[in-house]
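Structure first, then comments.
Coordinate-derived values only; no laboratory data. None of these values were measured; they are calculated from a predicted model. Positions of Cβ are generated from backbone atoms using ideal geometry, with glycine treated the same way; all protein chains shown enter the neighbour counts.
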Amino acid sequence: MGEQLLDEQDAVQRVDEVTSALEQLTGTMEQAEELAVLLQRVCRQAIHAIPEAGMASVTLLRDDTPYTATSTADAARGIDQAQYDAGEGPGLEAARSGHVQRVNVTEVAQRWPEFTAAADAVTVGSCLSAPLFIDQRYQGSLNLYGTGNEGFGTLDAALLELYTTAAEAGLRSAHRFQAAQATIDQLKTALDSRAVIDQAKGILMALHRISADKAFDLLVERSQQQNVKLRNVAERFVTNLVDNES
């Protein structure tokens, strides 16, 4: 009875740790940061949520070619790379199958020898990888590596799956926000460019008594001659004219 109570208390504490990690992660995702920075935070919070994990990494697939988007240690990148070179391993299996992989390194020596050799070289004894899907462009796995002898338990696997599922939603929202912000910035730049070009056209039309099309052609011709963007040519023309008048 006492042992069962301890197990229940441990489970509750572990769930609390995951909840705390998610709360902290959600807070950071409200900041306008690059995806790579957010993924680094995901790794660090996962280590906090799963204490058996000594280091973490995120594998992403680009045109089915894997790469490590971020990690908390060079050793984790090394284990990832061994999997990429071999074309197999728990991280890749999680990314491609969509299922959590919980492995003891010595037990998968025959199945994934390259992974096992790389893990043994840095005294990693266990691995826990969960699929991570943000969108069609960004998908892969969150990989945890443990250096202890106990390895990851079934509760760890369940909690990591819970954590990644919640983190995915936050990452999608953050990524959509960043994409929208980039589009807004591009539109603003385009509008600013249009305004200064129209201003330069108007000045040329007034100075030389020419049509709008002819004024635009003059700006394009100058842009090609100087190998400078049309907006910059227009901006320079207007600025020089104003400076000469003042």
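Close amide H partners of THR147, meaning residues 5 or more places away or on another chain with modelled amide H under 5 Å apart, are GLY54, GLY125. Applying the criteria of a DSSP loop state and at most 15 other Cβ atoms within 10 Å to the GluC sites (Glu not before Pro) of the stretch 33-136 yields GLU33, GLU34.
A Cα-only calculation for the stretch 74-140 places Rg and Dmax at 11.6, 35 Å.
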